[in-house]
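Data block below; observations after.
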Amino acid sequence: MATPYYQPASPFCARLPPDVILAIALELGTIDPLGPPRHLPPLFLACRYVRDVLLTHRRLLFARIYRCKFDTHAAVRRLGANAITNTALAFQLIKQTLALKRIRAGDLDSYTLTADLWTAYLMFMENDGRNYSHLMDYAHVDLLIERFMDSKLWSHREANLGWPVDSTPSSLVVWMLWFTMTPDRLSAMSSERRGKYMDQLRPFALVPAMYYPFHAPDSRFDLPDEDALPEPGEDATPLGLAPTFRDPDMVVEEVVHYIRKVPIMPPLIGLGAKMVFVMLAEAVPYDPPSILPVDRAHADPADGVRPTQADFIEWASVRGVQLYKPGSWDWIRGLTPEQRRLETGISWRRDLKAISASWDNDWNRLTGCYDPRGYLPLKGVVYTFGSIAGMFAGRMQIPDFFRYRDIVLADQMPDLTDFPKVAEQPVFVRFREHHCIDPEIPVPTGSLPGDLGDNVQNAYLPYPFNYRHVGNTLRVEIPGTRTAVKYEDYVEGKPNSHNPRTCGMCIASQEDEERQLRARIDAYHERAARGEDMAVDDNEDEDAMDEDTAPHSRRGSTSSQDSDVDPYFGDESNPLYLRDLRMERDLEAEAIADELMSEGVPDDYEEYIENECNGIQDILITGEVLPHHGEAWHHYRFYGRVRKWDGLIVLVRIPTDLPTNMKQIFRGYLIGNKNFVGSWRMYNENLNAIPLEGPFALSRIEVPPARPAEPDPDDPPHPAAVVTPESTAV
């Protein structure tokens, strides 16, 4: 390899201060906003003096280039300001530039493919406008995703009884198919291409027993649990298709991110496939049946519940899956000085404008919801209170029962022609969110005997129970008890009744701080009694700060529910190639990190999460179908609970004008804090049955219909849980 030729030190250049040379280098490095800083290398060859200045300050230079070209706000919020050093930014510039070049090349057989897909996926999750431009306009990641979908999504299925493999690359690609979808691209997609995508996603979207859509089994509410993992050889589902909890060692991967090894699990392919599957189904043009009355004014009241053409038009105008909004490059310039200050802070707030802020809960689930056995000390908030309150609309997909039964019971994957066709049903609902504020004691779970879970059949609530609204409070009563538990209605912009002087969590936190302070004081006196020098040298302290040894504090959400750990599952006996399924190590990223770590994070680096208490101990949800929607699609009411561990929302839907055995259970997550996606299933008293199940997707209606009159406080309570006849199940 030829040795680069460097000019001897120029007398003119030698007179330039380093700051001037770095300013010139920064301009050269950012001439092209997209892609690598290709105009910079010639400057390194200008002369030895310039080269030495650039090499000496290369971390500072690369960090400045990174800040100009890529998004950084999400990394500061999620990793902490102290973690985003010049070294970390320099590393990320090199890592992302190399990954983008390889993605642009489009080699699906590259040994770095999994690492590059991880880089692209995390760039989407941190995007505030700039990352998206690099991924789409320079790297053309959408073309790589199309080719992967066509040739790699079903790879290695022969070793998996014909079922597509739940692998890390496949999961990342399915999720990025949604990230890269635009309204123009979706509307221009041919019916053949759309149908092919839906066929490829059909197993992932319609067979939850194979491709689990939750971070932990929906049967459990009280997590973490040190005994959550099953015994070896124990079947965790009635069909033995998968263990109840994934072994964390089979799920978690280490991704080198901002020079740190971040434990993270791949996004759930079952959940992402449902979202994309519904998104594609919604893109199919649909004309309302002409046989229906034009609108409600032309409908015959004697027909009862029946949609009109206007109802179908309204349904067609909403999307259960909203598309990703990429943002703009200089979005922050249009903000007020105060809003800019908030955007560049380290705390998540509900009023942040950054696109990435809506993905903080999803990030916290991936980095904190993979081990069900204990609390992860650095886990962030997984559900933002108030997120589900409001008007939601979308659709649920109903598979053909007999074909669904055959698919679930099949040993090997059947032919796609044997998969169930799906019907669709509109879903309109207005949700309310209710909070149990400390020192109020939450409603107990509906724990079942024999270690059968916490009664997901009734949304983790006792069986039976009653609830009623009184003013701005939801009162929950359990028959046989003399007290009612009060849950406060969430109202946007209105503070709850949290009082630090009566909040048990605040009192316990204050007592813990006092104990730690006393321990530090006692340790100080002990050292002084032994005659140790207690003075701190100013220069040493300054050096320590320069080396970034200060504790790493991440501020929790100032307006979110606190949260701790959660679970997941996997299979050690699968004989597939691990490199194709998950990323064991990213050797290239580790090598780059080793080169830059001379000023990296020291061994005694300490980090912690700092959360502000809001007193919220539990979240219940109630909902109802508005009258004009009920006249078209039937009247329902909803009730449910949010699992604190991972933010799983579990709801029971009960018809008010149909037989009660039509009760259904909806379980899902808010994705990007706007798409409520998951799996619904029919109610069945037999806990070992596999009932009919299908995808659903709802999203918030931006302009909600007029709010109906509040219920009379003297109305009789709603019996939320009653014994119902058993529904059809497989």
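The values are calculated or read from the model by the stated rules, or taken from the named source; none is laboratory data. Not measured: the values here are computed from a predicted model. Neighbour counts are summed over all protein chains in view; Cβ atoms, including those assigned to glycine, are modelled from backbone coordinates with ideal geometry.
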Requested in this report: Look through region 453-503, keep the residues that are of a type in the set (Gly, Ala, Ser) and under 26 Å from the mean Cα position of the chain (by Cα), and return whichever of them is farthest from residue 443 (Cα to Cα).
Outcome: 493
Report task. May I ask you to list the residues in region 216-230 that are in contact with a helix residue (DSSP H, G or I) (Cβ under 6 Å, 6 or more places away or on another chain) and buried (at least 20 other Cβ atoms within 10 Å of the Cβ)? Result -> 218
Query raised in the report: Given (1) in contact with a helix residue (DSSP H, G or I) (Cβ under 8 Å, 6 or more places away or on another chain); (2) within 30 Å of residue 334 (Cβ to Cβ); (3) part of a loop (DSSP other than H, G, I, E, B), where does residue 373 come up short, assuming only one miss?
Result: (2)
Report task. Would you tally the residues in region 439-468 being among the aromatic types (Phe, Trp, Tyr) and not in a loop (DSSP other than H, G, I, E, B)? Result -> 1
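In region 455-482, which residues are under 15 Å from residue 619 (Cβ atoms) and modelled with pLDDT under 90?
none
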**Report entry** Every residue from region 695-721 that is part of a loop (DSSP other than H, G, I, E, B) and either under 29 Å from the mean Cα position of the chain (by Cα) or modelled with pLDDT of 90 or more (or both)
**Finding:** 701, 702, 703, 704, 705
Query raised in the report: So is residue 209 at pLDDT below 95 and surrounded by 24 or more Cβ atoms within 10 Å (Cβ to Cβ) or not?
Result: no
Query raised in the report: Is there a residue in region 469-480 that is assigned to a helix (DSSP H, G or I) and in contact with a strand residue (DSSP E or B) (Cβ under 8 Å, 6 or more places away or on another chain)?
Result: no
Query raised in the report: Among the residues of region 353-369, is there at least one that is under 29 Å from residue 382 (Cα atoms), outside any helix (DSSP H, G or I) and modelled with pLDDT of 90 or more?
Result: yes
Query raised in the report: Got a number for residues in region 254-297 being in contact with a helix residue (DSSP H, G or I) (Cβ under 7 Å, 6 or more places away or on another chain) and closer than 23 Å to residue 80 by Cα?
Result: 12
Query - Enumeration of residues in region 317-338 that are among the β-branched types (Val, Ile, Thr), buried (at least 16 other Cβ atoms within 10 Å of the Cβ) and not in a helix (DSSP H, G or I) - result: 318, 321
Query - So residue 143, is it among the hydrophobic types (A, V, I, L, M, F, W, C), modelled with pLDDT of 95 or more, surrounded by fewer than 24 Cβ atoms within 10 Å (Cβ to Cβ) and under 25 Å from the mean Cα position of the chain (by Cα) - result: yes
Query raised in the report: Is there a residue being assigned to a loop (DSSP other than H, G, I, E, B) and on the phi > 0 side of the Ramachandran plot anywhere in region 52-69?
Result: no
Report task. Go through the residues of region 524-540 one by one and say whether even a single one is modelled with pLDDT of 70 or more, assigned to a helix (DSSP H, G or I), closer than 30 Å to residue 79 by Cα and among the hydrophobic types (A, V, I, L, M, F, W, C). Result -> no
Requested in this report: Residue by residue through region 293-316, note down the ones that are surrounded by fewer than 18 Cβ atoms within 10 Å (Cβ to Cβ), over 35 Å from the mean Cα position of the chain (by Cα), closer than 22 Å to residue 636 by Cα and among the β-branched types (Val, Ile, Thr).
Outcome: 305
Requested in this report: Keeping to region 381-438, report how many residues are assigned to a strand (DSSP E or B) and under 27 Å from residue 626 (Cβ atoms).
Outcome: 24
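Each row is one residue, and each column tells you yes or no for (1) free of Cβ contacts under 8 Å to residues at least 24 places away in the same chain; (2) touching a Pro at 6+ places or on another chain (Cβ under 7 Å).
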residue: 29; (1), (2): no, yes
residue: 38; (1), (2): yes, no
residue: 48; (1), (2): no, yes
residue: 60; (1), (2): no, no
residue: 63; (1), (2): no, no
residue: 68; (1), (2): no, no
residue: 71; (1), (2): no, no
residue: 74; (1), (2): no, no
residue: 81; (1), (2): no, no
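Yes/no per residue for (1) surrounded by fewer than 14 Cβ atoms within 10 Å (Cβ to Cβ); (2) farther than 25 Å from residue 386 by Cβ; (3) free of Cβ contacts under 8 Å to residues at least 24 places away in the same chain:
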site	(1), (2), (3)
481	yes, yes, yes
487	no, no, no
496	no, no, no
499	yes, no, no
504	yes, no, no
507	no, yes, yes
514	yes, yes, yes
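What's the total number of residues in region 653-683 that are over 29 Å from the mean Cα position of the chain (by Cα) and either within 20 Å of residue 202 (Cβ to Cβ) or at pLDDT below 85 (or both)?
Number satisfying all stated conditions: 6.
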Requested in this report: Give just the number: which of (1) surrounded by 23 or more Cβ atoms within 10 Å (Cβ to Cβ); (2) in contact with a strand residue (DSSP E or B) (Cβ under 9 Å, 6 or more places away or on another chain); (3) under 19 Å from residue 176 (Cβ atoms) does residue 95 not satisfy?
Outcome: (1)
Requested in this report: Collect the residues in region 119-135 that are surrounded by 19 or more Cβ atoms within 10 Å (Cβ to Cβ) and of a type outside the set (Ser, Thr, Tyr), keeping them in residue-number order.
Outcome: 120, 122, 123, 124, 125, 126, 127, 128, 130, 131, 134, 135
Requested in this report: Select the strands (runs of 3 or more DSSP E) contained entirely in region 630-694, then report the ones holding at least 2 residues which are among the aromatic types (Phe, Trp, Tyr), within 18 Å of residue 305 (Cβ to Cβ) and touching a helix residue (DSSP H, G or I) at 6+ places or on another chain (Cβ under 8 Å).
Outcome: none
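Here is a yes/no grid of residues against (1) surrounded by fewer than 16 Cβ atoms within 10 Å (Cβ to Cβ); (2) more than 28 Å from residue 210 (Cβ to Cβ); (3) in contact with a strand residue (DSSP E or B) (Cβ under 8 Å, 6 or more places away or on another chain); (4) among the polar types (S, T, N, Q):
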site: 352; (1), (2), (3), (4): no, yes, no, no
site: 364; (1), (2), (3), (4): no, no, no, yes
site: 372; (1), (2), (3), (4): no, no, yes, no
site: 375; (1), (2), (3), (4): yes, yes, no, no
site: 385; (1), (2), (3), (4): no, yes, yes, no
site: 397; (1), (2), (3), (4): no, no, yes, yes
site: 413; (1), (2), (3), (4): no, no, no, no
site: 421; (1), (2), (3), (4): yes, no, yes, no
Query raised in the report: Which one is modelled with the lowest pLDDT, of the residues in region 10-34 that are more than 42 Å from the chain's Cα centre (by Cα) and surrounded by 15 or more Cβ atoms within 10 Å (Cβ to Cβ)?
Result: 13
